[in-house]
1. List the residues, sorted by chain then number, that are 5 or more residues from I235 or on another chain and whose placed amide H is less than 5 Å from its amide H.
2. Counting pairs of alpha carbon atoms under 8 Å apart in space and at least six apart in sequence, what relative contact order in percent does segment 74-176 give?
3. Hey, what did segment 214-347 get for relative contact order, percent, Cα under 8 Å, at least 6 apart?
4. Counting only protein heavy atoms and a 1.4 Å probe, tell me what percentage of the chain's accessible area is made up of carbon and sulfur.
5. Which translational diffusion coefficient, to the nearest whole µm²/s, is obtained for segment 103-151 from the Stokes-Einstein equation, given a Kirkwood hydrodynamic radius over C-alpha pairs, 10 °C and 1.306 mPa s?
6. For the chain, what does the relative contact order come out to in percent, with C-alpha contacts under 8 Å and a separation of six or more?
7. I need the phi-derived Karplus couplings for segment 306-313: 6.51 cos²θ - 1.76 cosθ + 1.60, θ = phi - 60°, integer Hz, Gly and Pro marked x.
8. For the chain, what is the accessible area per residue in Å², given a 1.4 Å probe and the full set of protein chains?
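The values are calculated or read from the model by the stated rules, or taken from the named source; none is laboratory data. Fair warning: this is a prediction, and the values are worked out from it, not measured in the lab. Methodologically, a virtual Cβ is constructed for each residue, glycine included, from the backbone with ideal geometry; neighbour enumeration extends over all protein chains shown. Note: areas computed on protein heavy atoms with side chains; ligands, DNA, RNA excluded. Shrake-Rupley method; radii C 1.70, N 1.55, O 1.52, S 1.80 Å.
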Amino acid sequence: MPLSDETRALMARINKKYGAGSVVLASKMPAVPRFPSGSLSLDVMLGGGWPGNQWNEILGSESSGKTTIVHKTIAANQQQNPEFTTFWVAAEGYDHEWATTLGVDVDRVIVFETNAMEDAYAEMIKAAESRAVDAVVLDSYPALVALDEDAKDMDQATMASGARVTGKFFRKVGQATRRSLVEQERPLLALIVNQFRDQIGAWAPAGGTPKTSPGGKAKNYAYYTRLEVSRTEWIDEKRPAGGSIRVGQVIKAKTLKSKAAAPQQVATLRFYFANSSTGIYAGEYDLASQLITQGIYHGLIRLDGSWYKYADYQWHGDKKMAAAMREDLDLQQQLSADVMAAIRSED
């Protein structure tokens, strides 16, 4: 249905006042850009990857895999784009050797080490509006100290000073993160790592502890996606000479909030921090298991007796299928593309 003259006049007035492209028809808006996470299961849960030009939070307890997920995300995008550059605010320091183990090209990561909250936020805003980088990462929020708190003695209370500064940051950073509605601009991946704290005096769920995330409640409205990360179990392997060794952990990821896909979705990631006898190296996800799970779920891998069949491939037993999947990168890419195509056709 064509627009009325009054509607066109309204749009023309706004574009004249605020600049061309300030107002457009929703049907003409570009799709939300997506950034791969390095995990097919996580990409599926996020609706196709991390949403771009929006702020996303990765939240969890200590040693649950938060920073690992960020590193694997950066590595996956570097593989796709040889010019992909990250501005990383390291409030807790940056371990470039571990980042390299996780597949990150540290020559394309700009590290700004500070725990001064106002300085960190100011540089994150400038990096976002500069269009000079592809990703902005803060690791992590709890290590930041607001100037108001830093200026006072240890015995002086500074309630909610960080929350006030954080609320101001999200009110100011929106314009820096926003991209044109009519032209192709360099999209931005924005990730902030946060950590749970016990909530004193709150109602406790059955068998659990009431939790909260530092930074106040205002920030939760600003995030496009909030991802909760937890470790569910360790991965141990027996050794031929006896005994066992710990080689990895199972990471459970759940979307607490998602404006780009269905919320309260869950993905399970098997991550290895040491070399495994199955052929998975330190710093890698078990991508084969993720691919097989998604392939079976979406009907791409069929079970015929004890045979597993996909396209022109077939394997006798799930172990042979998993081994073949780990060794053949072309097969991984083909199945991954077919899974994403199947998901899009189901939407």
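1. Hits under the 5 Å cutoff: V247, G248, Q249, V250.
2. 31 percent
3. Details: 188 pairs, mean separation 19.1, N = 134.
Normalised by residue count, the contact order of segment 214-347 is 14 percent.
4. Values: 9500 of 18800 Å².
Answer for the chain: carbon and sulfur cover 51 percent of the accessible area.
5. Working: Rh = 12.1 Å.
For the chosen part, D equals 132 µm²/s.
6. Numbers: 604 pairs, mean separation 60.9, N = 347.
Across the chain, relative contact order equals 18 percent.
7. 9, 9, 9, 10, 8, 6, 9, 9
8. On the way: 18800 Å² over 347 residues.
Here the per-residue accessible area is 54 Å².
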